[in-house]
There are 4 protein chains.
Amino acid sequence: MSSLELALASELVASDWLNTPEPITLEQLRGQVVVIHAFQMLCPGCVSHGIPQVKLLHEYYANQPVSVLGLHSVFEHHDAMQKHALQAFAHEYRLSFPIAIDQASDSGPIPETMQRYNLRGTPSLIVIDQKGKLRLNHFGHIDNLAVGNLIGSLLAVNSLDPSDEKKHASVSPHCDEEGCVV
Amino acid sequence: MSSLELALASELVASDWLNTPEPITLEQLRGQVVVIHAFQMLCPGCVSHGIPQVKLLHEYYANQPVSVLGLHSVFEHHDAMQKHALQAFAHEYRLSFPIAIDQASDSGPIPETMQRYNLRGTPSLIVIDQKGKLRLNHFGHIDNLAVGNLIGSLLAVNSLDPSDEKKHASVSPHCDEEGCVV
Amino acid sequence: MSSLELALASELVASDWLNTPEPITLEQLRGQVVVIHAFQMLCPGCVSHGIPQVKLLHEYYANQPVSVLGLHSVFEHHDAMQKHALQAFAHEYRLSFPIAIDQASDSGPIPETMQRYNLRGTPSLIVIDQKGKLRLNHFGHIDNLAVGNLIGSLLAVNSLDPSDEKKHASVSPHCDEEGCVV
Amino acid sequence: MSSLELALASELVASDWLNTPEPITLEQLRGQVVVIHAFQMLCPGCVSHGIPQVKLLHEYYANQPVSVLGLHSVFEHHDAMQKHALQAFAHEYRLSFPIAIDQASDSGPIPETMQRYNLRGTPSLIVIDQKGKLRLNHFGHIDNLAVGNLIGSLLAVNSLDPSDEKKHASVSPHCDEEGCVV
């Protein structure tokens, strides 16, 4: 990709899905920001910060044009992380967003979507903008501030109509009962 | 304020400043996002999450048009939180951003800027946009995700030139050496 | 059990073990304090505080007469928590202490040892003294202070020879390089 | 001190006290375990883990022969940490145990008790046994497990009457409503 042009994010290759009646494609989600948490259910770093972060994202952006997805990209201990085990995990950890099961590869341990995105490991956080372009592909811990800053910027750019200042005010954070957003 | 128009943020009323050779006015900062952390040095909630949050904001937005300020709004234990004590506190907690000392009031314990902003207490987080309009006035804990989302949206709107898509890509998060921002 | 007499802790009923060449019995461990962390690998509370606590106990008491054991007491999602999955979990979470796999019951989902100890769920922490008597059977979170206090008291009582004061000094905490134990 | 004999802990030298009608001496506390948290109110490490730890100790051992004391050992920013400031701090952080104000020295910044105990800095945790002998003098962070282990061992040794096994059972941890101590 040149520095002037963003790459279109590769389509997901899933062998199965949880928490959705139908498979989901990125193409269907054009017009929304898409956040994908790539994880393995037996990965300690995923469980300790990745999962809490993606649950917060799912809750915080519930009423905004942001789709939150899980991507179970198993590259080790394959027999311990089959679909029935992932279902138990999703149940226990109260994961209610759709989760794609990354398609196992014929040629090695790294599953297909993980290969396409060139993920370094799990957890990885992927953010795709409303036009389907890849904006973030981050391995490891990333602070909520950075994630919020990116998603907020994408939502604002998309909603912008320069002749209509009132709209900007709508880009305001969700606040709890202790606080007040002006 | 009507629902269609945002209020201009009140100017700060400071009796003194730390970490700046000259007093700072909000008017001087037009064109930048301004983040103000209102605190008291002996307030446990300020110390445990407000101070770490504002230090992170100061570091994360260091190279962007975002000004981070402290506002020491003392409304109790006034004699224990004088300027020399605040200087010791700022030294021990490694606070390097400018800190305004909220002007004590003649008529009661609540200092002047705190009155103008109608703050419910400390910590409070105030965010002002590039035109000087108040966007957030939040008492208590607020997640970094919400703060990042708001500031990211303000930076994006301001930098937007609809004919120039390349600019949008510049609104990308700071990543550590473990990660890669596309 | 009367209030004057402590019950002998029931023997473990294990179908298999990890991290030990031979099965272990409580009877073999007479003379030592035995700490047992009953858990399920897909139990969020076990993973977030039970596992870190038992790893700390294992490390802290490494050179003292304290045996730390895991007990995998699966009472739900049985097919997702078989031995090969537990092995992957133990590998990823770096668990090096012996782990008993609680014997499945013929008559219901609750495994045998869990029934014998009347465990309310996972995580549970069990402490057994040097004479094999049950001293703690705690469901849920328990602070390290309480656990240390109990184990320290058991170690002290056992090592006590009233004519020899020097011995008492040996019951001193492990300290890092920043500190000094007198 | 020889390796065979423990040193008697030096008496505290306090210019003033908080939260007690009368000054307290270590000599008065013979027969109890004494825990002393040496701190400075503007020391970040004291506030983030020392203070929470000592509050937990005070609460956990409330009904046992353990005295918890604070020692405000100011060796920098003296003018910002006078008695009235410490009172405000103790009020805001809900410290209800007695706090000794370490006597300032005529000859330098290090106060008298800090010199006697040869403290390396703040926070430091000091534990003294029922005979007044120094058992722990630890600078920096120390885990609750280590502190509990030490205090538990001291309480057990003291309460021990080898002919009376029932007594041992009394050295049991405090448990919340979720748990049960046998």
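Scan (1) assigned to a helix (DSSP H, G or I); (2) more than 15 Å from the chain's Cα centre (by Cα) for the single condition C:Asp16 breaks and write down its number.
Among (1) assigned to a helix (DSSP H, G or I); (2) more than 15 Å from the chain's Cα centre (by Cα), the lone unmet condition for C:Asp16 is (1).
Being closer than 13 Å to C:Leu71 by Cα and more than 14 Å from the chain's Cα centre (by Cα) is the filter here; which residues of the range C:1-13 pass it?
The answer is C:Val13, and nothing else.
Taking the range C:71-82, which residues are surrounded by fewer than 21 Cβ atoms within 10 Å (Cβ to Cβ), in contact (Cβ under 8 Å) with a residue 24 or more places away in the chain, within 10 Å of another protein chain (Cβ to nearest Cβ) and on the phi < 0 side of the Ramachandran plot?
We begin by selecting, within the range C:71-82, every residue surrounded by fewer than 21 Cβ atoms within 10 Å (Cβ to Cβ); these are C:75-79, C:82.
Restricting the remaining residues to those that are in contact (Cβ under 8 Å) with a residue 24 or more places away in the chain gives C:75-78.
Subset that is within 10 Å of another protein chain (Cβ to nearest Cβ): C:76-78.
If the condition is that a residue be surrounded by fewer than 21 Cβ atoms within 10 Å (Cβ to Cβ), in contact (Cβ under 8 Å) with a residue 24 or more places away in the chain, within 10 Å of another protein chain (Cβ to nearest Cβ) and on the phi < 0 side of the Ramachandran plot, then C:Glu76, C:His78 are the ones that fit.
Given the options C:Asp129, C:Asp161, name the one that is modelled with pLDDT of 95 or more and not β-branched (Val, Ile, Thr). Quick ask: steps written out before the conclusion?
Values: C:Asp161 fails: modelled with pLDDT of 95 or more.
It is C:Asp129.
Which of (1) within 27 Å of C:Leu155 (Cβ to Cβ); (2) within 14 Å of chain A (Cβ to nearest Cβ); (3) surrounded by 16 or more Cβ atoms within 10 Å (Cβ to Cβ) is the odd one out, the single condition C:Val68 does not satisfy?
The single condition C:Val68 does not satisfy is (2).
Can you confirm whether A:Gly31 is outside any helix (DSSP H, G or I), within 13 Å of the chain's Cα centre (by Cα) and of a type outside the set (A, V, I, L, M)? Before the answer, list the steps.
Numbers: outside any helix (DSSP H, G or I): yes; within 13 Å of the chain's Cα centre (by Cα): no; of a type outside the set (A, V, I, L, M): yes.
Taking the combined requirement at face value, the residue does not satisfy it.
Out of D:Leu95, D:Leu57, D:Leu136, report the one residue that is over 27 Å from B:His49 (Cα atoms), touching a strand residue (DSSP E or B) at 6+ places or on another chain (Cβ under 9 Å) and at pLDDT 95 or above.
Only one candidate qualifies: D:Leu136.
Looking only at the range B:133-145, how many residues end up being of a type in the set (A, V, I, L, M, F, W, C) and either closer than 22 Å to B:Ile24 by Cβ or surrounded by fewer than 24 Cβ atoms within 10 Å (Cβ to Cβ) (or both)? Explain how you work it out, then say what you get.
Keep residues of the range B:133-145 that are of a type in the set (A, V, I, L, M, F, W, C), which gives B:134, B:136, B:139, B:142, B:145.
Narrowing further to those that are either closer than 22 Å to B:Ile24 by Cβ or surrounded by fewer than 24 Cβ atoms within 10 Å (Cβ to Cβ) (or both): B:134, B:136, B:139.
Selection size over the range B:133-145: 3.
Just for the range A:34-45: of the residues that are crowded, with 21+ Cβ neighbours inside 10 Å and not in a strand (DSSP E or B), which one is nearest to the chain's Cα centre (by Cα)? Walk me through it before giving the result.
First, pick out the residues of the range A:34-45 that are crowded, with 21+ Cβ neighbours inside 10 Å: A:34-43.
Adding the requirement that they be not in a strand (DSSP E or B) leaves A:40-43.
Details: A:Gln40: 14, A:Met41: 16, A:Leu42: 19, A:Cys43: 17 Å.
The extreme case among them is A:Gln40.
Among the residues of the range A:60-78, which ones are touching a His at 6+ places or on another chain (Cβ under 9 Å) and in a helix (DSSP H, G or I)?
A:Tyr60 - this is the single residue of the range A:60-78 that is touching a His at 6+ places or on another chain (Cβ under 9 Å) and in a helix (DSSP H, G or I).
Is it true that A:Tyr93 is of a type in the set (Phe, Trp, Tyr), more than 8 Å from chain C (Cβ to nearest Cβ) and farther than 19 Å from A:Val13 by Cα?
Values: of a type in the set (Phe, Trp, Tyr): yes; more than 8 Å from chain C (Cβ to nearest Cβ): no; farther than 19 Å from A:Val13 by Cα: yes.
No: the conditions fail for A:Tyr93.
Given D:Ser48, D:Ser73, which one is in contact with a helix residue (DSSP H, G or I) (Cβ under 7 Å, 6 or more places away or on another chain), at pLDDT 95 or above and polar (S, T, N, Q)?
One residue alone meets the criteria, D:Ser73.
Would you mind finding the one in A:Asn149, A:Asn137 that is outside any strand (DSSP E or B), under 25 Å from B:Leu56 (Cα atoms) and free of Cβ contacts under 8 Å to residues at least 24 places away in the same chain?
On the way: A:Asn137 fails: outside any strand (DSSP E or B).
It is A:Asn149.
When you check C:Gly31 against the structure, is it small (Gly, Ala, Ser) and away from chain A (no Cβ under 14 Å), yes or no?
Details: small (Gly, Ala, Ser): yes; away from chain A (no Cβ under 14 Å): yes.
When the stated conditions are applied, C:Gly31 passes them.
Among the listed residues B:Gln130, B:Gln115, identify the single one that is surrounded by fewer than 24 Cβ atoms within 10 Å (Cβ to Cβ) and within 13 Å of chain A (Cβ to nearest Cβ).
Working: B:Gln115 fails: within 13 Å of chain A (Cβ to nearest Cβ).
Of the residues listed, the single one that is surrounded by fewer than 24 Cβ atoms within 10 Å (Cβ to Cβ) and within 13 Å of chain A (Cβ to nearest Cβ) is B:Gln130.
Taking only the range D:109-119 into account, find how many residues are over 15 Å from the mean Cα position of the chain (by Cα) and on the phi < 0 side of the Ramachandran plot.
6
Please state which of the following conditions C:Val54 fails to meet, knowing it meets all the rest: (1) in contact with a His (Cβ under 9 Å, 6 or more places away or on another chain); (2) in a loop (DSSP other than H, G, I, E, B).
Here C:Val54 clears every test but (2).
Among (1) assigned to a helix (DSSP H, G or I); (2) farther than 24 Å from D:Ser153 by Cβ, there is one condition D:Ile101 misses while meeting the rest; what is its number?
Unmet condition: (1).
So which residues in the range D:96-112 are touching a residue at least 12 places away in the same chain (Cβ under 8 Å) and more than 14 Å from chain B (Cβ to nearest Cβ), if there are any at all? Working first, answer last.
Keep residues of the range D:96-112 that are touching a residue at least 12 places away in the same chain (Cβ under 8 Å), which gives D:96-104, D:109-112.
D:Ser96, D:Phe97, D:Pro98, D:Ile99, D:Ala100, D:Ile101, D:Asp102, D:Gln103, D:Ala104, D:Ile110, D:Pro111, D:Glu112 - these are the residues of the range D:96-112 that are touching a residue at least 12 places away in the same chain (Cβ under 8 Å) and more than 14 Å from chain B (Cβ to nearest Cβ).
Hey, can you tell me all the residues within the range C:86-107 that are crowded, with 22+ Cβ neighbours inside 10 Å and of a type in the set (Gly, Ala, Ser)?
C:Ala100
The values are calculated or read from the model by the stated rules, or taken from the named source; none is laboratory data. Bear in mind that the values here come from a model prediction, so they are computed numbers and not experimental data. Glycine gets a Cβ as well: all are built from the backbone with ideal geometry, and neighbour counts include every protein chain shown.
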